[in-house]
1. Name every residue in the range 250-267 that is within 29 Å of SER4 (Cα to Cα) and either open to solvent by 50 Å² or more (accessible area, probe 1.4 Å) or in a strand (DSSP E or B) (or both), in order of residue number.
2. Can you name the residue in the range 123-152 that is more than 19 Å from VAL314 (Cα to Cα) and polar (S, T, N, Q) and is also surrounded by the most Cβ atoms within 10 Å (Cβ to Cβ) among such residues?
3. Tell me, which strands (runs of 3 or more DSSP E) lie completely within the range 126-183 with 2 or more residues that are polar (S, T, N, Q) and under 16 Å from the mean Cα position of the chain (by Cα)?
4. Could you check how many residues of the range 178-189 are within 27 Å of GLN13 (Cα to Cα) and buried (at least 23 other Cβ atoms within 10 Å of the Cβ)?
5. Looking only at the range 278-318, filter to residues that are part of a loop (DSSP other than H, G, I, E, B) and under 16 Å from SER218 (Cβ atoms); which one of those is modelled with the lowest pLDDT?
6. Could you say which residue among ASN284, ASN274, ASN353, ASN329 is more than 26 Å from GLU2 (Cβ to Cβ) and either open to solvent by 40 Å² or more (accessible area, probe 1.4 Å) or of a type outside the set (Gly, Ala, Ser) (or both)?
7. Restricting attention to the range 357-374, and to residues there that are open to solvent by 40 Å² or more (accessible area, probe 1.4 Å) and within 18 Å of LYS114 (Cβ to Cβ), which single residue is modelled with the lowest pLDDT?
8. Find the residue count for the range 322-365, including only residues that are part of a loop (DSSP other than H, G, I, E, B), farther than 23 Å from ILE272 by Cα and over 19 Å from the mean Cα position of the chain (by Cα).
Amino acid sequence: MERSKTSLRINIQTDVDQIDDVTEKLKMLTDALKDGSDTNEALSYIRFSKCDEVIFNVELLLQTIANKDDFKMTFQPFKGITEYLSSLEMLGEVICEGGEKPLPGPDHVFKVEKHVLHNGKVADDTSTCWITGICRLANEEFLLSDNNNSKLKLLNSSYHVMSTSDVPDRPQDVCSTGQREAAVTVDGGKGRHEILLVRVKAGKIEQMRTIKCQHPCSGLAHYGGQLYVTTGTALHVYDMAGSQCRQLYSDETGEFTAHRCAVSSDGSLIYITNLTHHQLITLNKDGTKLSTLTHPELQYPETPHVTAQGHVFVTCIDPGTVVQVTEKNTQQTVTTLAGKNNGLTELYSLCFNSNNSLLVGQLNNNNIVELKLK
């Protein structure tokens, strides 16, 4: 039921964000019209026409929201629950009618229906793309870190590049820190170790400020106002001001034993890929190791990703697969979902979209692969 409520809240917030977006555009245009300093009639007419167009889009958006089906949630209890309670694994099922169908529980194993390629290259790119990080923002926009071109790239809901922003060195990973805000690890191996904080406004990427670090910066995740940063051999936690830093986990047995990380939606679990020893490490919020997963299909694990519902996905750079990790009765299982037959080559980063699809970023490849799941 909580998963269904979370899904509903996301849908409502999306509507609110869309209204805020068009309101902001309309305010900019009306302020320009009210400014009496501009006597250019042609320019004023263009602004008036754009206002008229935005108002039409607002009315259409409001009508679309008003016509959405009501969302109804009921609970269906099992018969004889009192008599057989001790033998039941669940108390019942949450039945949702109308609206978007919520995702299945974390023990559901997905299958790939098909894959679609989306071009992430822009005209002023000087090299082939290395998409090392992907995160989802409001309005189904996505922020990418292109390591090879030292750029951030903003995609719209159709996965087209809307805008870009140059960064001072190679971006390693990116994570959402708010509806339209994100953090980026920047580390070129030449003494620059930084976390760059950015925001998206009116379809543009704005760089706000930088947190300087005293260690390499690789993987990145965010929860509850804290940034989780991997160094290759350790996991550090920062507050958003960058004023407090503490080491939560360390493993000095190899070069990439704490490679990349992900945090569950409630902050209780932290997933770390151990590239050196082909492992997925699970920690609790205090940094205590809960499990170490080793599996034949978990080879060179690169980037972990956990959905709001608790589904865990991992990219494996060799042999080039996306796997899903499920757990039942403390037993973890690894299932390969996609590989070379799905357009994957040197896959690296990934992000789950609310429309039951995974976006996969690759090295030395301009294509972002969308895996449609069922």
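1. Scanning the range 250-267 gives CYS261, ALA262, VAL263, SER265, ASP266.
2. Once the filter is applied, the top-ranked residue is ASN147.
3. Values: elements: 131-136, 142-146, 151-155, 161-166, 171-176.
The qualifying strands (runs of 3 or more DSSP E) are 171-176.
4. Going through the range 178-189, the residues within 27 Å of GLN13 (Cα to Cα) turn out to be 178-184.
From what's left, buried (at least 23 other Cβ atoms within 10 Å of the Cβ): 182-184.
So the count comes out to 3.
5. Here is the first cut: in the range 278-318, the ones part of a loop (DSSP other than H, G, I, E, B) are 278, 285-288, 295-300, 307-311, 317-318.
Next cut, under 16 Å from SER218 (Cβ atoms) only: 300, 317.
On the way: TYR300: 96, ILE317: 92.
Filtering first and then ranking leaves ILE317.
6. Numbers: ASN284 fails: more than 26 Å from GLU2 (Cβ to Cβ); ASN353 fails: more than 26 Å from GLU2 (Cβ to Cβ); ASN329 fails: more than 26 Å from GLU2 (Cβ to Cβ).
Among ASN284, ASN274, ASN353, ASN329, only ASN274 is more than 26 Å from GLU2 (Cβ to Cβ) and either open to solvent by 40 Å² or more (accessible area, probe 1.4 Å) or of a type outside the set (Gly, Ala, Ser) (or both).
7. Within the range 357-374, the subset open to solvent by 40 Å² or more (accessible area, probe 1.4 Å) is 364, 366-367, 372, 374.
From what's left, within 18 Å of LYS114 (Cβ to Cβ): 367, 372, 374.
Numbers: ASN367: 96, LYS372: 96, LYS374: 92.
That would be LYS374.
8. 3
The values are calculated or read from the model by the stated rules, or taken from the named source; none is laboratory data. As the structure is a computational prediction, the values presented were derived from the model and not from experiment. Because the Cβ atoms are built from the backbone with ideal geometry, glycine has one as well, and the counts that use them run over all protein chains shown. Side chains are part of the model used for accessible areas, which takes the heavy atoms of the whole protein and leaves out ligands, DNA and RNA. Shrake-Rupley method; radii C 1.70, N 1.55, O 1.52, S 1.80 Å.
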